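Right, one structure below, let's go through it.
The values are calculated or read from the model by the stated rules, or taken from the named source; none is laboratory data. Keep in mind that what you see is a predicted model, and the values were worked out from it rather than measured. Counting neighbours? That spans all protein chains shown, and the Cβs are built from the backbone with ideal geometry, glycine included.
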Amino acid sequence: MGVLWGIDLGGTKIEGAVLEYDQDFKVIERLRVPTEADQGYKHILDQIKKLVDLLIEKTGLEPSTIGFSTPGALDPSTQTLKNSNTTCINGHRFKEDIEKKIGLPIKIANDANCFALAETLFGAVKEVTPKPVAVFGVIMGTGVGGGLVINDKVISGRHGIGGEWGHNFIDDSGGDCYCGKSGCVEKVFSGPALEKYYQSVSGEPKRMKDIVIAYREGNDLIAKETMERLFKMFGKAISQIINVVDPEVVVIGGGLSNIDEIYTHGVEELRNHIFNSKKVETLFLKPKLGDSAGVFGAALL
């Protein structure tokens, strides 16, 4: 039995957890502070230090190391953070700066990788296949990302972008992406991308949850078109992962993971693209840990 510390850095909140760890997790303490990214990089470091101090005060425990889940990735060559949609942390030596700030060594991984690790070891994956070789974790919400776990270990890769699925080209209709490319997966079927598509066709704005409701009620042809776009593009995009990595399990997180039809219609569309005579045996699972996955995965680092 031991104690693990994890911090999940998000765009709007920073969450920290202290966990008692044996065969499962027991949460000793869990706290959040606002990120307040609009106040800049140094302020985010101050907020992290504030959170660590609060956790120490609440638990009476002292960490020897802390795992961090971050948007973006640590570049192995430059040791700077990159590809984060919290743009003020890009280009900074985040790991080094945090270690100086809190006086502790840290381990760091992309938030999608932390999600995949937590769901593999203690979440949905463990419940159906206790020792998978390969698991791919999908984040589909405000953005689209991915994380890869092989033999219970996060695969960050040579460039620190292992599993990064959301910024592969999928369709010209996605348009320009903040990453500098065009037609990225994230620009085609993230939540905001689907809302933008609906408005471009209908001329009226509609939230994603209302698009889903209208699709199920069957009284909105544009909602039907928007959802069919999601299923078609999801199947096409996830086939790139299946055809290259061929994981036993894909676990889907983020707001769009609650759309049940992704696991039926979306997976059915995969049959048109898989290099396996249209036969799909990959398990597609909803997550079990909810918004705990990021901070639990960070602690597991």
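To keep it simple, each residue is scored yes or no on (1) at pLDDT 95 or above; (2) touching a strand residue (DSSP E or B) at 6+ places or on another chain (Cβ under 8 Å); (3) more than 23 Å from Phe122 (Cβ to Cβ); (4) crowded, with 17+ Cβ neighbours inside 10 Å.
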| site | (1), (2), (3), (4) |
| --- | --- |
| Gly10 | no, no, no, yes |
| Val27 | no, yes, no, no |
| Asp38 | no, no, yes, no |
| Asp53 | yes, no, yes, no |
| Thr65 | yes, yes, no, no |
| Ser77 | no, no, yes, no |
| Lys100 | yes, no, yes, no |
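Looking across region 142-152 at every residue that is touching a helix residue (DSSP H, G or I) at 6+ places or on another chain (Cβ under 8 Å) and on the phi < 0 side of the Ramachandran plot, the one that is surrounded by the most Cβ atoms within 10 Å (Cβ to Cβ) is identified as Gly147. Might you check whether a residue that is at pLDDT 95 or above and in contact with a strand residue (DSSP E or B) (Cβ under 7 Å, 6 or more places away or on another chain) occurs anywhere in region 215-222? Taking every residue of region 215-222 in turn, none turns out to be at pLDDT 95 or above and in contact with a strand residue (DSSP E or B) (Cβ under 7 Å, 6 or more places away or on another chain). Does any residue of region 176-188 turn out to be touching a strand residue (DSSP E or B) at 6+ places or on another chain (Cβ under 6 Å) and either within 23 Å of Ala299 (Cβ to Cβ) or of a type in the set (S, T, N, Q) (or both)? There is at least one residue in region 176-188 that is touching a strand residue (DSSP E or B) at 6+ places or on another chain (Cβ under 6 Å) and either within 23 Å of Ala299 (Cβ to Cβ) or of a type in the set (S, T, N, Q) (or both). Has region 281-298 got any residue that is assigned by TED's automatic domain parsing to the domain that holds Ser156, buried (at least 16 other Cβ atoms within 10 Å of the Cβ), without any contact (Cβ under 8 Å) to a residue 40 or more places away in the chain and farther than 30 Å from Lys107 by Cβ? No: zero hits. Could you grab me the full set of residues in region 43-65 that are among the β-branched types (Val, Ile, Thr) and in contact with a helix residue (DSSP H, G or I) (Cβ under 7 Å, 6 or more places away or on another chain)? Listed by number, the residues that qualify are Ile44, Ile48, Val52. Scanning region 279-301 for residues that are at pLDDT below 95 and either part of a strand (DSSP E or B) or polar (S, T, N, Q) (or both) yields a single hit, Ser292. Of everything listed in (1) under 20 Å from the mean Cα position of the chain (by Cα); (2) more than 15 Å from Val185 (Cβ to Cβ); (3) not in a helix (DSSP H, G or I), the single unmet condition for Asn276 is (1). Only one entry of His167, His159 meets the criterion of being under 17 Å from Gln240 (Cα atoms), assigned to a loop (DSSP other than H, G, I, E, B) and either in contact with a Phe, Trp or Tyr (Cβ under 6 Å, 6 or more places away or on another chain) or not assigned by TED's automatic domain parsing to the domain that holds Asp75 (or both), and that entry is His167. Within region 192-209, residues that are touching a residue at least 12 places away in the same chain (Cβ under 8 Å) and surrounded by 12 or more Cβ atoms within 10 Å (Cβ to Cβ) reach partners that are β-branched (Val, Ile, Thr) and not in a helix (DSSP H, G or I) with beta carbons closer than 9 Å, at six or more positions or on different chains, in the pairs Pro192/Thr142; Ala193/Val144; Met208/Ile259.
Within region 191-241, restricting attention to residues that are in a loop (DSSP other than H, G, I, E, B) and farther than 25 Å from Arg271 by Cβ, the residue that is farthest from the chain's Cα centre (by Cα) is Asn219. Scanning region 12-25 for residues that are over 20 Å from Cys88 (Cβ atoms) and outside any strand (DSSP E or B), we see that the one that is modelled with the highest pLDDT is Asp22. Yes or no: Ser77 of a type outside the set (A, V, I, L, M, F, W, C), within 21 Å of Gln39 (Cβ to Cβ) and assigned to a loop (DSSP other than H, G, I, E, B)? The answer is no for Ser77.
Of the residues Ile161, Ile155, Ile108, the single one that is β-branched (Val, Ile, Thr) and out of contact with any Lys or Arg (no Cβ under 9 Å at 6 or more places or on another chain) is Ile155. For Ser84, the conditions (1) out of contact with any Pro (no Cβ under 6 Å at 6 or more places or on another chain); (2) closer than 28 Å to Trp165 by Cβ; (3) surrounded by 15 or more Cβ atoms within 10 Å (Cβ to Cβ); (4) not acidic (Asp, Glu) all hold with the exception of (1). Of the residues Gly91, Gly72, the single one that is buried (at least 19 other Cβ atoms within 10 Å of the Cβ) and without any contact (Cβ under 8 Å) to a residue 40 or more places away in the chain is Gly72.
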